[in-house]
Amino acid sequence: MDPTDHPLVHDVNEEHDQSLSPTERACKKIADATGAPLALTLAIVLQAVWIVTGVVTKWDPFPFTFLLTCSNVLQLILIFVLAVGQRQSSSHAELRAEHDHDSISRLLYHQEVQERILLAIATKTESDVEDLKAMVAQLSQQDPIPAT
């Protein structure tokens, strides 16, 4: 049995992707691509080739005014594109956290129900359940482990 086929398990990735507008999808793709090592390598190679070509041909000599202008315009555009991509990543993480919380709460509830059922069965079979009841009570009274 595939656990992702369970009716109470939501595909958070699909749910998030369906909520994105076409513009947000495009920004997310650009943000994902510009964060890749290949994009950094490409930017370094492009600027190195531009500088060498500018010095040799005197087309864009030092201080490389045209290169700086193009670079600044690209950076200004990417700032907003990356901000939209970051907002989408944040909303995806928030959606995932909400679904995780819901699933964990459901699991804890099922565990509590199972404990009650097991205690009821043990009681009906006239087993000594006082130790079990004490352990369950102790577990329910313990503080959760503090986050470090």
- Message: Can you tell me which condition Val113 does not meet? The list is (1) surrounded by 12 or more Cβ atoms within 10 Å (Cβ to Cβ); (2) of a type in the set (A, V, I, L, M); (3) under 33 Å from the mean Cα position of the chain (by Cα), and all the others hold.
- Response: (1)
- Select from the stretch 30-76 the residues that are at pLDDT below 90 and within 23 Å of Arg87 (Cβ to Cβ) and list them in ascending order. Ile30, Ala31, Asp32, Ala33, Thr34, Gly35, Ala36, Ala39, Leu40
- Which residues, counting only those in the stretch 97-114, are touching a residue at least 60 places away in the same chain (Cβ under 8 Å) and out of contact with any His (no Cβ under 8 Å at 6 or more places or on another chain)? Ser103, Arg106
- Query: Which of the residues belonging to the stretch 56-69 are of a type in the set (A, V, I, L, M) and more than 18 Å from Ala43 (Cα to Cα)?
  - Reply: Val56
- Query: Given the structure, is Glu126 assigned to a helix (DSSP H, G or I), more than 30 Å from Ala26 (Cα to Cα) and either among the acidic types (Asp, Glu) or modelled with pLDDT of 85 or more (or both)?
  - Reply: no
- Message: If a residue must be without any contact (Cβ under 8 Å) to a residue 12 or more places away in the chain and at positive phi, how many such residues does the stretch 61-90 contain?
- Response: 0
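The values are calculated or read from the model by the stated rules, or taken from the named source; none is laboratory data. On a predicted model such as this, the values are computed, not experimentally measured, just so you know. Glycine also receives a Cβ, built like all others from the backbone with ideal geometry; neighbour counts cover every protein chain displayed.
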